[in-house]
Amino acid sequence: MTISLFDPISLGAIAAPNRIIMAPLTRGRAGPGFVPNELAREYYRQRASAGLIISEATGISQEGLGWPSAPGLWTDAQVEGWKPVTEAVHGAGGRIVAQLWHMGRVVHSVFNDGKPPVSASATQAPGKAHTPAGRFEYEVARPLNLDEIPRVIGDYVKAAENAKRAGFDGVQLHGANGYLIDQFLRDGSNLRDDDYGGSVENRIRLLREVTEALIGVWGKDRVSVRLSPNGETQGVDDSAPEKLFPVAAAALDALGIGFLELREPGPDGTFGKTDVPKQSPAIRQAFKGPLILNSDYDVAQAEAALASGLADAIAFGRPFIGNPDLVERIKHGAEWAADNPQTWYAPGPVGYTDYPALVEA
């Protein structure tokens with residue numbers, strides 16, 4: 001039987017009515033104190049027809065958040081800010097999980113009272129950080145001490161508990177794109193010689209321990225993970241991804257998480273172009289639960305991935321920026337509206353909540 005983008009799917013305990021997933025998209029619209037506001041409520045409500053919304057990356061602590069006007073989930077005010085968002089999504093018939101984010105070495109000290117960023121090792125990300133005070137070169141990170149790791153895991157747990165209070169349907173661990181978990185996973189940024197470094201089994205330890213901790217809050221069927229297994233991102237890379245990521249996927253499979261999402265750009269990708277082969281075929285053999293693929297898919301490519309059995313659903317990112325009704329557009333074969341990169345992170349509704357639907361209600 002051929003699987004369609006419009007067939008329902010169980011993503012763990014989450015019953016999605018279609019396989020068109022909204023990928024996490026940082027948009028930089030949160031208010032003071034990293035608190036989501038009314039704009040976010042409308043933005044997510046407009047996109048509630050997605051089979052599942054994965055929220056924009058959301059900080060688990062002040063230490064871990066280094067993006068201007070990104071939202072957090074470590075204070076009561078942030079929880080209260082998220083409540084109207086999840087209520088609006090549910091009221092429109094949708095489902096939404098919170099993506100939990102620690103940026104590691106790409107948190108500039110401007111965001112953290114002058115304290116240096118933390119990471120697996122004393123490494124430095126390339127390029128410059130966006131901060132409220134301007135753009136500055138990233139700094140050399142301070143390696144997390146062994147006795148600090150339980151505290152970081154505790155920050156994930158608190159954010160997961162806050163996500164439950166805020167009304168989300170589950171959580172996703174951000175283990176991709178060169179952020180903290182990814183910095184531990186890959187040997188280009190993890191130079192440790194203790195229980196969290198060296199061997200593949202050691203480098204996946206933090207990923208496994210944080211996932212286990214999130215399961216302790218939500219149950220395994222409402223926890224998911226995002227990985228980016230091929231190519232360099234924000235200076236983070238691995239010498240043998242074909243050895244690392246199938247082992248990581250097998251560990252997640254053993255934990256029974258609700259689904260695994262992969263961001264896999266290709267040589268013609270919009271962002272992060274790479275010739276490193278996609279690892280999804282090997283990961284598919286190691287991870288038996290629902291597998292969601294992401295990065296520059298059009299409808300034909302998405303349907304082919306489902307038909308081949310490589311993917312169970314497809315996550316669309318940029319198309320959901322300019323097309324709040326992307327599901328309807330795909331259903332009717334309508335043209336996709338272009339989004340405006342100049343307004344991805346700009347304040348206010350322009351380029352955020354003002355993209356028109358195909359047919360206005």
Assuming R0 = 22 Å, what is the FRET efficiency of S239 and E201, from their Cβ-Cβ distance, to the nearest 0.05?
-> 0.85
Determine the sum of side-chain charges near S295: Lys and Arg each +1, Asp and Glu each -1, restricted to other residues whose C-beta is under 13 angstrom from that of S295.
-> 0
Have a look at D147, D312, D325 and tell me which one the Gaussian network model of the chain (Cα, springs below 10 Å) gives the largest fluctuation.
-> D147
Might you report the magnitude of the Cβ-based charge dipole of the chain about its Cα centre, with Lys and Arg at +1 and Asp and Glu at -1, to the nearest 20 debye?
-> 300 debye
Thinking of the range 222-361 as a set of Cα atoms, what percent of all their pairs are more than 17 Å apart?
-> 65 percent
Given the options I53, I20, I330, which has the most mean-square fluctuation in a GNM of the chain, springs set between C-alpha atoms less than 10 angstrom apart?
-> I330
How high is the FRET efficiency between Q285 and D76 when r is their beta carbon distance and R₀ equals 51 Å, given to the nearest 0.05?
-> 0.70
Give me the distance in nm between label points sitting 7 Å out from Cα along the Cα-to-Cβ direction at R208 and H90, one decimal.
-> 3.5 nm
If the chain between S4 and L146 were fully stretched, how many nm would it gain, using 0.36 nm times the residue separation less the Cα-Cα distance?
-> 46.5 nm
Just add up the charged neighbours of D182: K/R +1, D/E -1, any other residue whose Cβ is under 11 Å from the Cβ of D182.
-> +2
Determine the gain in length on full extension of the stretch E137-N340; use 0.36 nm per residue of separation and subtract their C-alpha separation, reporting nm with one decimal.
-> 70.4 nm
With the Cα gyration tensor of the range 170-304 in hand, convert its eigenvalues to equivalent ellipsoid semi-axes via √(5λ) and list them largest first in whole Å.
-> 22, 20, 12
Hey, what's the per residue convex hull volume over the C-alpha atoms of the chain, in cubic angstrom?
-> 124 Å³
Among chymotrypsin sites (Phe, Trp or Tyr not before Pro) in the range 258-289, those in a DSSP loop whose Cβ has at most 14 other Cβ atoms within 10 Å are F271
Which is farthest toward the positive dipole end of the chain among A315, S189, T58, measuring Cα position about the Cα centre, with Cβ charges +1 (Lys, Arg) and -1 (Asp, Glu)?
-> T58
Given charges at beta-carbon only (K, R positive; D, E negative), |dipole| of the range 251-361 in Debye | 340 debye
Listed residue pairs exceeding 18 Å between alpha carbons, taken from K164/K220; K243/K278; K83/K220 | K83/K220
Counting only DSSP beta bridges with both residues in the chain, tell me the antiparallel percent, nearest 5.
-> 20 percent
Peptides 54-67, 335-348, 79-92 ordered by average Cβ neighbours within 10 Å, highest first | 54-67, 79-92, 335-348
Please find the FRET efficiency linking D113 to K83, where r is the Cβ-Cβ separation and R0 is fixed at 30 Å, and quote it to the nearest 0.05.
-> 0.60
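Quick note: the coordinates plus some simple rules give every number you see, no bench work behind them. Because the structure is a prediction, the values reported are computed rather than measured. As a convention, Cβ positions derive from the backbone with ideal geometry for all residues, glycine included, and neighbour counts pool all protein chains shown.
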